[in-house]
Structure formats: C-alpha cells, structure tokens
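What follows is a single structure, written as structure tokens, with notes after it.
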Amino acid sequence: MKSVSPTSNHPVLHLLRQCKTLDTFKRVHAQMITTGLIRHTYPVSRILYFSSALAPVTYTLTIFNQVLNPSIFLYNTLVSSLTREDHIQVALSIYSRILTHFSVIPNNYTYPSLFKAFGSHQWLKEGKSLHVHVLKFLGTPIDEFIQASLVTFYSRCGKVGIARYIFDRIRKPDLATWNSMLSAYACNATPSLADNIHGNTGFSLEVLSLFSLMQKSFVVPNEVTLVTLITACADLGALSQGTWAHVYVIRNNLIVNHFIGTALITLYANSGCLDLASQLFNQLAHRDAFCFNAMIRGFAIHGRGNEALGLFRKMIQVGFAPDGTTILSVMNACSHVGLVDEGRKYFESMKSVYRLEPKIEHYCCLVDLLGRAGLVEDAEEIVLSMPMKPNAILWRSLLGAARVHGNLDIGEVALRKLLELEPENSGNFVLLSNMYAFLNRWEDVKRVRTSMKRLGIDKTPGSSIVEVNGSMHEFLIGDRSHPKVKDIYLKLEEMNKRLQDYGHLPRTRDVLFDIEDEEREEALSYHSERLAISFALLESDASAPIRIIKNLRVCVDCHSCTKLFSKIYKREIIVRDRTRFHHFKNGTCSCLDYW
Ligand code: ZN
Ligand code: ZN
C-alpha cells in the first residue's frame, strides 16, 4: 500500500463527501474499487469515516479487513469513526487488535476518541485502564490532546480532583478544556431539589476562582463558560459576580439563550432578587420548559406560592409539558404556603394527568406538606405505603413533623429508622433531643447529649456567607479569624444591647439543642449569621439589603433577633438557609415564622 497519495483531491473523494444515503455511498465505494483508489491510505480513511456514518458496522469492518497491513493512522480513523457513532464495543475490539499486532503501536491519536466515549457513558473503570495504557505505551509527558480528553473524561465521571490534577499540568488549555474543567465543578456542585437548595459550595467557589485564572490566560469565554459561571454564582448567591457575568454577556453580544436565561433566573432567584428574575423571565425571547421550571422554583423557594401556581398554569396553557422538577417546585410552593389539598392534587396529577412516575423526592415533598400541616398520621401512612424504600430524608421529615406537633409515637418510630440508616449523622440526635425538649423530658435530652459525646459524633458547624462590596466573607460560629474581628464583636455587643432595649429574651433556657445545632447557651449571640450581620452593618452601604447564605436552618433565637435587627437598623435582611429564604423586613419575616 502506498501511503503518500496524489489522491487527496481525486473527484471520487469529492463525490464521497456528498454522500447522504447508503445507496449513493455504495456506488462511490464501487468507483473507488474500480479506480484503484481503494489501495491508497487516505482514500481508505475517508471511506471508513463515511461508511461508519452511513453503512452498517459490518460493512465498515469488511472494508477495513480487506486492507493489507493497515497503518496506525487507519486504525485510529476506524476507532474514532466507530466511537463517534457510539459503537464503543466494536471500537474497543479494534483497539485490542492494535495491541496484538506487532506492526502497529498506538500513538497520541489513538486515545482521545475513546476517552470521549467512555466519559459520555461514565465508564470509569474502563477509562482508568485506558489511562494506564497511555502511560505504558506513550510514557510521559502526556500529549496535550490526550490530557484534555482525560480532563473531560474524569469530569464526566465525577472525579473532579483527578480532572483538576491533570488540568493543572496542561500548559495552555483551550476553551473546550477550560469549559470541561469548569463544568466538572459546576455539575458536581449541583444540589438535588429534594432536600436542600445548597450544593457543594466548595466546588462553586472553585468555579469562580478557576474562571479568574481563565481570564488571566486570555482564553475568551463563550456561552457554555458563562452558563457554568452563572450557575456557580447562583449556587453561592454571589450576586455581584453573577451580575458581572450578566453584563459580560450583554457587552460581548453573546446571546441570552434559554440556557443562559435559565441560569440567570436561578441566580437572581437564589440571591433574593426575585423581581429581577421575573423581569428577565418576561423578557426572554425564547422560553423552554427549563426557564419555566427555574422561575416556578424561584417563586416557590421565596414562599410566593400563588405566583408559582399561577405560572405553572400558564406553562400548561402555552403548551409545555411539566416534568418531575416542575411538579416538585409546585408541590414545594404548596408546602411553603400551607396549601395542603392543592399540593396533594398536584402529586396525584403526576400519574393521572401527566403520566409521570413520582420519585422519592416527590414523596418527600408530600410528607413534608402533610407534616407541616399537622397531618402527621397521613404523612406516616404515605411513608409506610410508598412503592420504594423510604430514605433518611423522608424519615427526617416525618420526625420533624412529629416533633413539631408533639406526636411522640410516630417520632420514635421515625427516629429508630433514621438512626439505622444514618448512625453517624449528628442532626438526627439533635432532632431527637429537640423532641424530648418539646415534651419537657430534660433527663432524656441529657442522655442523648451524653451518648453523642460518647460516640464521638460532632455536630456540623454552622457557617454563614455574606457578600459585602463584591466579595464573599464566611463566618463560622464564634469565629475570630476575620481581620476586622474586633469591630465585629464590638458591634455585636451594641446589637445585643439594642435587642435588650426591645425586651428580647434569648431562648437559651427552654431549648438546649436548637433546630440543627450551633446553640450552646453562651454562644447564641455568636451564631454565624449574627457575625455576618454585624460585619455587613459595619461595612456595607446602608441602603443595600444584607444577603446571607447559611448552611443550616436558622435557629429560633436567631430568627426572632434578625426580625428585630431588620427593624432596629432599618435594613432588609435576606437569609437563605438550608431549606428556604427568609426576607426580614421591618420586624417581620416572609416565612411568617413557619420554617
Ligand atoms: Zn442561631
Ligand atoms: Zn423566616
């Protein structure tokens, strides 16, 4: 076989490029045989390429098998053509033929297509073995194309750390590789709607810092990059950086398509700017179901149940079919405003109207809805009769309801299940002790506390993030690491005095353990959100609302204090806690003390 060919411009090849059907393709193939073109490497590579798109796999393999001593170039072409058409198993069998032939050895072009295919199917084990092959056959340093394909592969498989390790060793990553790395963080930070609105904030922070590195490297971001960036900002509630991204989109004439639109709606909704979110939603030229979902969810998490339901009706009216996420938001909306019957109706409509199979999230939401409304027995019945095995979230939700409504029998059943499923989760012990506290069983409260200590179970530390003048500041309980720590604590003292003037009594005596944690009597006033509020009062513009993101639920005492702070300091304070938003304004909260 001749390898260098004067044949790359042959008219038959031109015909080949125009093939759209199997028939025309076969005719061109015949011409290639009669003209003898088929004996040259380049034309064969082209025919393999088109054959895998138009003809059955067996046809393509037959062409290949007729080639005498195929070069590694032809092997690579076949492997990548096959993976492109998702014939991965066949591609792998061709790859193993390379390994068994003495005349060919794999090179840099052998691997990227395989990693791409493995990544999109999340074949981690297979991909790892292939990675070993790369090291064995090609050695180090690894070629940049292979590195880039490895980043994408590990990202897709959720192995963010490995992806980053490889990424950091690429000298000049291209846009696609930057996007792979950024979206690796974003995808793995995405929260599930079911139990909380927080994702892995560490990963979202990483997106932000990686993006600033990207800017320094002069790679110009595209729409895909910005969707990732905005999504990370949405997760963090990083309003100013998200807004910066929005401005960037506009200034660089990027299109606010429905992907960017959805990300921006989520950003503004998550940052407490619901009106901006809804304005943007109304201005979008093209809306898909995802845009509707984002907006309905926005209304739901802000407790604006009726607007969520109104938009849902509109979504149906304009002809979009709701999916599981839509119904979940709608049920959440009902749950937050106490529309029990409506919520139940939507749950039932999933099967009967929309032919959707309710998932465990939907059962969770239903149990939450019933539990909050005090229908603890109904909630228990759902848990006991649902088609799948109830998970910890469900039992916790039932336990929460049982505690609030003082149903000890159901509470103890739920707790036993919960401790079976999650013996190490400190939150479960806290819930148990809360239940005993509610019933004034102080001996039992003490017992729980001691056994926690004995088992060495630590409580999750509460943390609050506040954005002040464009940068994010994080506070832990009793945190003294902030550079302005002195001023913050002085301000806190003043704040406590003002609270006393308003007759506020800290709830330290009747609640030993608060809703989730953090509350040791002496530490109440050092809860992370108070430090964040103190800092924001000191440093931020007096007319701007204070926006705080907290990783746990806000405790009873902090909730009533924050209400007072909003009145005393005439500041709007928006707290996003683990499950919902609280808009504190003029001494009241949007949750109406129901959270
Ligand atoms: Zn608190
Ligand atoms: Zn509230």
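The range 387-462 has equivalent-ellipsoid semi-axes of 19, 17, 10 Å, by the square roots of 5 times the alpha carbon gyration tensor eigenvalues, sorted largest first. For the chain, the 222 nm mean residue ellipticity estimated from helices alone, with every DSSP H stretch of n ≥ 4 adding -39500 (n - 2.57) and the total spread over all residues, rounds to -19500 deg cm²/dmol.
Net charge in the neighbourhood of Q241 (other residues with Cβ under 14 Å of its Cβ; Lys, Arg +1, Asp, Glu -1) is -2. Principal axis extents of the C-alpha atoms in the range 1-105 (largest first, rounded to whole Å): 36, 29, 17. How much FRET efficiency would the formula 1/(1 + (r/R0)^6) give for L455 and K486, where r is the Cβ-Cβ distance and R0 is 45 Å, rounded to 0.05? Taking R0 as 45 Å, the efficiency between L455 and K486 is 0.75.
Taking label positions 7 Å along the Cα-Cβ direction at both S426 and K359, the computed distance is 3.0 nm, reported to one decimal. The portion of the accessible surface of the chain made up by carbon and sulfur, rounded to a whole percent, is 55 (1.4 Å probe; DNA, RNA and ligands excluded). Note: the range 138-293, Cα convex hull, 116 Å³ per residue.
Using the Kirkwood radius built from alpha carbon pairs, what does the Stokes-Einstein equation give as D for the chain at 4 °C and 1.567 mPa s, in µm² per second? Walk me through the intermediate numbers first.
On the way: Rh = 27.8 Å.
Roughly 47 µm²/s, to the nearest whole number.
Counting only protein heavy atoms and a 1.4 Å probe, the range 1-105 has 54 square angstrom of accessible area per residue. Shown here for the range 392-483: GluC sites (Glu not before Pro) in loop regions (DSSP other than H, G, I, E, B) with at most 11 other Cβ atoms within 10 Å, namely E424.
Per residue, the accessible area of the range 417-501 comes to 59 Å² when a 1.4 Å probe rolls over the protein heavy atoms. Residues in the range 392-407 near a label at N440, defined as backbone nitrogen under 12 Å from the 7 Å Cα→Cβ point? The answer is none. Each of I72 and K570 was given a label point 7 Å from its Cα along the Cα-to-Cβ line. The distance between the two points is 7.6 nm. First measure r as the distance between the Cβ atoms of V220 and H133, then evaluate 1/(1 + (r/R0)^6) with R0 = 30 Å and state the FRET efficiency to the nearest 0.05. For R0 = 30 Å, the calculated efficiency reads 0.30. For the range 98-144, pairs of C-alpha atoms spaced more than 12 angstrom apart make up 63 percent of the total.
The values are calculated or read from the model by the stated rules, or taken from the named source; none is laboratory data. The model shown is predicted, which means the values in this text are computed figures rather than measured ones. Virtual Cβ from ideal backbone geometry, glycine too; neighbours counted across all protein chains shown. In case anyone asks, the SASA skips ligands and DNA or RNA and just uses the protein heavy atoms, side chains included. Shrake-Rupley method; radii C 1.70, N 1.55, O 1.52, S 1.80 Å.
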